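Asker: Supplied in structure tokens, the structure appears directly below.
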Amino acid sequence: MAAKHEYYETLGVPRDAKEDEIRKNYRKLARKYHPDLNPGDKAAEERFKNVQEAYDVLSDAKKRQVYDQYGFYSDNIPQGGSGPGAGGRQNRQPNMDFGGFDFSEFINNQPRRPSAGTNGAFTGSGGGFRDLFTQFFGNRDREEAGASEPEKGADLEYGLNIDFWESIRGTQVKLSINRQELCPTCNGAGTADGNSAVCPECDGTGNVTQMAGAMKFTLTCPRCDGKGRLKNVCPTCNGDGRILRPESVEVRIPAGAQTGARLRVAGKGNIGRNGGSPGDLYITVRVEPHPFFQRDGDNIEIKVPVTVSEAGLGAKIEVPTIDGRALLKVPQGTSNGQKFRLREKGVMNSRKNHRGDEIVEVVIQAPKVQDERTRELLRELAQIHQEDPRAELWSKV
Ligand SMILES: [Zn+2]
Ligand SMILES: [Zn+2]
């Protein structure tokens, strides 16, 4: 009888083991001997019951205290009492058959999932058992997030290149994105009867590495217990309940979108868990540069070459705008680099319902001097204008 109640030995932990060590070993062993994973194996079933019993006592601080003190635990021992009487010893067998195990704390908050392969021995508490099992050893994300809490799906970020004209006029773009959807095979449960699959946690190696500061540890994979394979796993999603699927999403880029603009497409992120809403899709726009037009907020900037005579004598010239050609009056005596504003020839700002301007910077080009007549005229010009254009520079140096 005594050997049966070596709880610390059963769980493979020292007598001073901390709670989390006990829990960790319990999970490992319960998984190893779980009847679903060892169908028809009576020895494993017995070990499983013993592990359950040991954990029931050692995981409860009060029961553990009693056990440490008396070497066994029974509900009939007055906790913190002076010692077990003869009656206590007769009732040393804890009430640990499965029917009496209280699963309510696990069941209450469990989402209902299609149960896979209920073992005959556990029909009495099958649902609870399945759920308990799933909670401990199923998807760890779900476990850590609190199994039944609706969890919003992750947002997705995509970059989108558009050309200059698409940014000015707006455009409709068909994007192919990859988003997580509910697995159609298992409908999100992650399970499938009798199918075994390579463990995705360790890629079938049975080991996982963990970093603790600069130290790297190799541990037995907690999901498959080092076996490298999982049982009753949906083959489509590998137990995740979700699969990555390409999807075509139509996105409207509004007129005037600039590089860095971030557009939100509601509900087109990854699917949520436990009925949580899906995430959103965010599209960050990058506008390819135009060879001549430059954008500065709602304004368009452009450098326009003019001849010496146009700058000197004044002229009406045609300049490109995003609407086509526009007339610009270059006044007499315009200097190089001078800027002119064409009102409301810039980009439409739909929020302000107002267009920006086009800013034209003139660049004076010297004439090509290839003939004697041009040389003559320029010499003559120099004769008339003998002033030093660098005089102001010298006066301030
Ligand atoms: Zn699936
Ligand atoms: Zn594994």
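Asker: Quick one: how many residues across segment 27-72 are part of a loop (DSSP other than H, G, I, E, B), farther than 17 Å from GLU9 by Cα and touching a residue at least 24 places away in the same chain (Cβ under 8 Å)?
Answerer: 5
Asker: A follow-up question, please. Assuming ARG242 fulfils every condition listed in (1) surrounded by 13 or more Cβ atoms within 10 Å (Cβ to Cβ); (2) without any contact (Cβ under 8 Å) to a residue 40 or more places away in the chain; (3) more than 16 Å from ligand 2 (Cβ to nearest atom) apart from one, which condition is it?
Answerer: So ARG242 meets the others, but not (2).
Asker: Picking from LYS216, LYS227, which residue would you name as being away from ligand 1 (no atom under 16 Å from the Cβ), of a type in the set (Lys, Arg) and buried (at least 17 other Cβ atoms within 10 Å of the Cβ)?
Answerer: Residue meeting the stated conditions: LYS227.
Asker: Right, something else. For segment 151-197, give me each residue that is among the acidic types (Asp, Glu), within 16 Å of ligand 1 (Cβ to nearest atom) and within 22 Å of the chain's Cα centre (by Cα).
Answerer: GLU181
Asker: Does segment 245-284 hold any residues that are within 15 Å of ligand 1 (Cβ to nearest atom) and part of a strand (DSSP E or B), and which are they?
Answerer: ARG245, ARG273 - these are the residues of segment 245-284 that are within 15 Å of ligand 1 (Cβ to nearest atom) and part of a strand (DSSP E or B).
Asker: Picking from LYS152, LYS231, which residue would you name as being within 16 Å of ligand 2 (Cβ to nearest atom) and basic (Lys, Arg)?
Answerer: LYS231
Asker: Can you name the condition, by its number, that ILE168 falls short on among (1) within 16 Å of ligand 2 (Cβ to nearest atom); (2) at pLDDT 85 or above; (3) among the aliphatic types (A, V, I, L, M)?
Answerer: Result: ILE168 passes all but (1).
Asker: Moving on to the next point. Pick out the one residue from GLY276, GLY256 that is buried (at least 17 other Cβ atoms within 10 Å of the Cβ), away from ligand 2 (no atom under 16 Å from the Cβ) and of a type in the set (Gly, Ala, Ser).
Answerer: Going through GLY276, GLY256 in turn, the sole match is GLY256.
Asker: Within segment 310-330, restricting attention to residues that are in contact (Cβ under 8 Å) with a residue 24 or more places away in the chain and among the small types (Gly, Ala, Ser), which residue is nearest to LEU378 (Cα to Cα)?
Answerer: ALA311
Asker: Please give the strands (runs of 3 or more DSSP E) falling wholly within segment 285-393 in which 3 or more residues are among the small types (Gly, Ala, Ser) and over 16 Å from SER167 (Cα atoms).
Answerer: Those strands (runs of 3 or more DSSP E) do not exist here; none qualify.
Asker: Kindly establish whether ILE243 is farther than 30 Å from PHE293 by Cβ and at pLDDT 85 or above.
Answerer: It is true that ILE243 is farther than 30 Å from PHE293 by Cβ and at pLDDT 85 or above.
The values are calculated or read from the model by the stated rules, or taken from the named source; none is laboratory data. Since the structure is predicted, the reported quantities are computational estimates derived from the model, not experimental observations. Positions of Cβ are generated from backbone atoms using ideal geometry, with glycine treated the same way; all protein chains shown enter the neighbour counts.
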